[in-house]
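Here's the structure we're looking at; comments come further down.
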Amino acid sequence: MDQAKMTVGPKGQIVIPNEMRRALKIAPGSKVLVTYRDGKVIIEKTGGSSVAVLARIAKEGPPLTEFDPHLAEKEIEERTRR
């Protein structure tokens with residue numbers, strides 16, 4: 001699904017179709033960027049909240065026995081790009 005005709009509600013809201021939300025991994029609380037360009041509205045998923053990124057790092061990353069802040073900062077930057 002690359003297009004869907006939606007109805008704007010009384011508060012100016014629209015619903016992003018389920019297939020599109022799944023494809024973009026958008027869940028309740030996800031952040032999106034809304035841009036108006038050349039007569040079109042573009043909705044893009046953003047990187048997510050820092051809490052979600054840190055939770056993912058805690059789940060996926062190896063346990064830290066020694067903490068090097070410079071290496072940790074680089075690791076966080078790399079993981080947020082995924």
Residue list for the stretch 1-26, filter: surrounded by 10 or more Cβ atoms within 10 Å (Cβ to Cβ) and either touching a residue at least 60 places away in the same chain (Cβ under 8 Å) or part of a loop (DSSP other than H, G, I, E, B) (or both) = Ala4, Met6, Ile14, Val15, Ile16, Pro17, Ile26
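From the list Ala58, Ala27, Ala72, pick out the single residue that is among the small types (Gly, Ala, Ser) and at pLDDT 85 or above.
One residue alone meets the criteria, Ala27.
The values are calculated or read from the model by the stated rules, or taken from the named source; none is laboratory data. If you're wondering where the values come from, they're calculated on a predicted model, not measured in any experiment. Because the Cβ atoms are built from the backbone with ideal geometry, glycine has one as well, and the counts that use them run over all protein chains shown.
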